[in-house]
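What follows is a single structure, and I will ask about it in a moment.
The values are calculated or read from the model by the stated rules, or taken from the named source; none is laboratory data. Just so you know, these numbers come straight off a predicted model, no measurement behind them. Neighbour counts are summed over all protein chains in view; Cβ atoms, including those assigned to glycine, are modelled from backbone coordinates with ideal geometry.
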Amino acid sequence: MELNDITDREYVVIRELLFRQSGISLGPGKKTLVVSRLFKRVQAHGLASFGDYFTALKTGAIPGELQAAIDLLTTNETYFFREPRHFSILEELVDRVPRRSVFRVWSAASSTGEEAYTIAMTLQELRRKGRSPDWEVRASDLNTRVLQQA
């Protein structure tokens, strides 16, 4: 099988499956990304085509493989103090919260957690300065591999 052996119909199938399972919407220009990230999985399972692989994903014929595919298709870009403007907004929001409450933040798509840790550091520093109530940060990601690392 060649790396470019994915039909337009097969690409539609994986796009729809990924969206249904994760909410991730792959644009039409991501076909090469899908092929490059999933090709080794097709080979590892000895399948003849991407179509066979996508059928196996849809039917659950290979236990755990759907999560493996999701892990491979998610992009995990994260670093400390990413998107500085967001932390300015966070400070503005914290300033409006009553000090007797608990300020809760959910970091979705947190990858290995650098942004979630940055949020916690920011909130703790604001708390130290008397500008923040008690706080909680929760982080999540669809990619089980990066969550284990976090």
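Considering only residues that are closer than 21 Å to THR144 by Cβ, in a helix (DSSP H, G or I) and not β-branched (Val, Ile, Thr), which ones fall in the range 42-68?
Listed by number, the residues that qualify are ALA44, TYR53, PHE54, ALA56, LEU57, LYS58, GLU65, LEU66, GLN67, ALA68.
(1) in a helix (DSSP H, G or I); (2) closer than 30 Å to ALA116 by Cα: which one isn't true of LEU26, the others all being true?
If we test LEU26 against (1) in a helix (DSSP H, G or I); (2) closer than 30 Å to ALA116 by Cα, just (1) comes out false.
So, one more: Go through the residues of the range 99-117 one by one and say whether even a single one is among the hydroxyl-bearing types (Ser, Thr, Tyr) and within 15 Å of SER88 (Cα to Cα).
no
Now for a separate question. Please go through the range 56-67 and give me each residue that is in contact with a Ser or Thr (Cβ under 9 Å, 6 or more places away or on another chain) and at pLDDT below 95, ordered by number.
Answer for the range 56-67, where residues must be in contact with a Ser or Thr (Cβ under 9 Å, 6 or more places away or on another chain) and at pLDDT below 95: just GLN67.
When the residues of the range 27-53 are narrowed to those that are more than 13 Å from ASP8 (Cα to Cα) and of a type in the set (A, V, I, L, M, F, W, C), which ends up surrounded by the fewest Cβ atoms within 10 Å (Cβ to Cβ)?
ALA48
Checking the structure you have, find out if any residue of the range 132-148 is crowded, with 18+ Cβ neighbours inside 10 Å, at pLDDT 95 or above, in contact with a helix residue (DSSP H, G or I) (Cβ under 8 Å, 6 or more places away or on another chain) and not assigned by TED's automatic domain parsing to the domain that holds PHE54.
Yes, because at least one residue in the range 132-148 is crowded, with 18+ Cβ neighbours inside 10 Å, at pLDDT 95 or above, in contact with a helix residue (DSSP H, G or I) (Cβ under 8 Å, 6 or more places away or on another chain) and not assigned by TED's automatic domain parsing to the domain that holds PHE54.
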